[in-house]
Amino acid sequence: MNFIHKEKNLLVENLDLANPELKESRRGFGDALVELGRTNPNVVVLGGDVSGSVRTDLFRDAYPERFISVGIAEQDMMGVAAGLAVVGKIPFASTYGEFATGRPFDQIRQSIAYSEMNVKICASHCGFTVGPDGATHQSLEDVAIMRVLPHMNIITPVDYNQTYRTIIECSKIDAPFYVRFYRDNSPNFTNPDAPFTFGKADTLYDGSDCTIIASGLMVWESMMAIESLAKEKISIRLINMHTIKPLDTDAIIRAAKETGCIVTAEDHQKKGGLGGAVAETLAQLYPAPVEFIGANDTFGESGKATELYEKYGISSRHIAEAVKKVIRRKK
């Protein structure tokens, strides 16, 4: 992709968009936990009866004395995690995104966020990628739920490599975190040695006509959209907004000033997530045209992730269409 500037060290060398390496981001989470278990004796892991699915089984098998299974009792899991943090442990509590946020919200609010406990809530199987499990398991509201809580930090890494780095880095920060990742194999395209700076977005590609601000798997979909847009001589800046809270407002304002319009893309409801955070920033600091890619106030359904991306309007094709639409709105 010579038509786009690539910042040094952020993407894998000689990235082949047609044939990327595929790895599960949830495995990046599991592998990072094992490394933390080796280097930090205060790290403990809590599982919610889905350890094999979210890959906390890797830590359980390596360090069984520091693994606690609470069963299907997410409220209890968050309370136990808060208690462990009180005595100086670094608890990682993990289950599916829908069950990590919806069921134990009161415990998260009172015992973790309000009390500023050093608990890392790590949510797998987020967004539409749960696929056949259907609407009950597709967490399309979790970022909005967590973003409204004071003291809560939110990260949505894009692939295996960045998920691994995210878990290592957030373990070093004494604060509550919500980390969101996915079930399926997905492109693993960030450089494993790239620096991960909490709270600072990565500008993957530079461009002048429009900026796409994306998170999670939508970063790859945006890369596909950029490839198609380049054939029409449309120049796109792509920002990987991995940290949704605290938000890198400087990157957003700079993009609005320099490219004149923005498209946000997320595997989440349009309301309350990344798109809402970007819109709030622009409304207060530098108004600019914005289009939003995300679920449009609807629940999902059973199906393959690729099919759901098309039906619910969040595929690379829809991102490209949103770019053309927002460019027409520029003054």
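All of the numbers you see were taken from the coordinates with simple rules; none came from a lab. In this text the structure is predicted, and so the values were computed from the model without any measurement. Virtual Cβ from ideal backbone geometry, glycine too; neighbours counted across all protein chains shown.
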Which of the peptides 165-173, 257-265 is most tightly packed, and how do the rest follow, going by the mean number of other Cβ atoms within 10 Å of each residue?
-> 257-265, 165-173
In degrees, nearest 10, the alpha-carbon axis of helix 249-259 is tilted away from the dominant principal axis of the alpha carbons of the chain by 20
Protection proxy ranking of 202-209, 77-84 - average other beta-carbon atoms within 10 Å, highest first | 77-84, 202-209
Return the subset of K200/K245; K233/K324; K89/K200; K304/K325; K257/K331 for which the Cα-Cα distance in this structure is over 18 Å, preserving the input order.
-> K89/K200; K304/K325
With eigenvalues of the C-alpha gyration tensor scaled by 5 and rooted, the range 267-331, Å = 24, 15, 7
Please state the charge dipole magnitude for the chain, taken about the Cα centre, from unit charges on C-beta atoms (+1 on K and R, -1 on D and E), reported in debye and rounded to the nearest 20.
-> 780
Folded to 0 to 90 degrees: helix 316-328 orientation relative to the chain principal axis, Cα | 50
Give me the angle, in degrees from 0 to 90, between the Cα long axis of helix 160-170 and the longest principal axis of the Cα atoms of the chain, rounded to the nearest 10.
-> 60
Proxy reagent accessibility, fewest Cβ within 10 Å first, across L22, L238 = L22, L238
Inter-part gap, Cα centre of the range 70-142 to Cα centre of the range 191-263, in whole angstrom, is 28
Show that you can apply the helix-only estimate: for the chain, add -39,500 (n - 2.57) for every DSSP H stretch of four or more residues, divide by all residues, and state [θ] at 222 nm to the nearest 500.
-> -10000 deg cm²/dmol
Provide the gained length on full extension for the span V148 to E13, in nm with one decimal, where the gain is 0.36 nm per separating residue minus the Cα-Cα distance.
-> 44.8 nm
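Going by how many other Cβ atoms sit within 10 Å of their own, how do S124, S53 line up, fewest first?
S53, S124
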Among G88, A279, M146 - extreme Cα towards positive end, dipole of the chain, charges at beta-carbon | A279
Everything considered on the Cα gyration tensor (a ≥ b ≥ c; rounded for a/c under 1.5, else prolate if a/b is larger than b/c, else oblate), the range 130-212 must be described as rounded
Zone of D250 (label point 7 Å along Cα→Cβ, backbone N under 12 Å): which residues in the range 178-215?
-> 199-201
Which residues in the range 197-213 have a backbone N closer than 14 Å to a point placed 7 Å from the Cα of R329 along the Cα-to-Cβ line?
-> 210-213
Cα lying deepest toward the dipole's positive end in the range 22-187, options G97, S69, T166, charges on Cβ = T166
Which one, (1) 32, 20, 19; (2) 33, 27, 18; (3) 41, 26, 16, gives semi-axes √(5λ) of the Cα gyration tensor in Å as derived from the coordinates shown?
-> (1)
Residue of K270, K245, K89 that the Gaussian network model of the chain assigns the largest fluctuation, springs spanning Cα pairs under 10 Å | K89
Provide the per-residue ³J(HN,Hα) series for the range 110-118, in order, calculated from phi with Karplus coefficients 6.51, -1.76, 1.60 and θ = phi - 60°, each as a whole number of Hz, with x at glycine and proline positions.
-> 7, 8, 10, 5, 4, 8, 6, 7, 7
Nearest 20 debye, what's the magnitude of the dipole of the range 22-187 about its Cα centre given +1 on Lys and Arg Cβ and -1 on Asp and Glu Cβ?
-> 320
Going highest first, how would you order 141-152, 179-190, 26-37 by mean Cβ packing within 10 Å?
-> 179-190, 26-37, 141-152
Note on the range 22-187: alpha-carbon gyration tensor, axes a ≥ b ≥ c; rule is a/c under 1.5 for rounded, else prolate if a/b larger than b/c, else oblate; result rounded
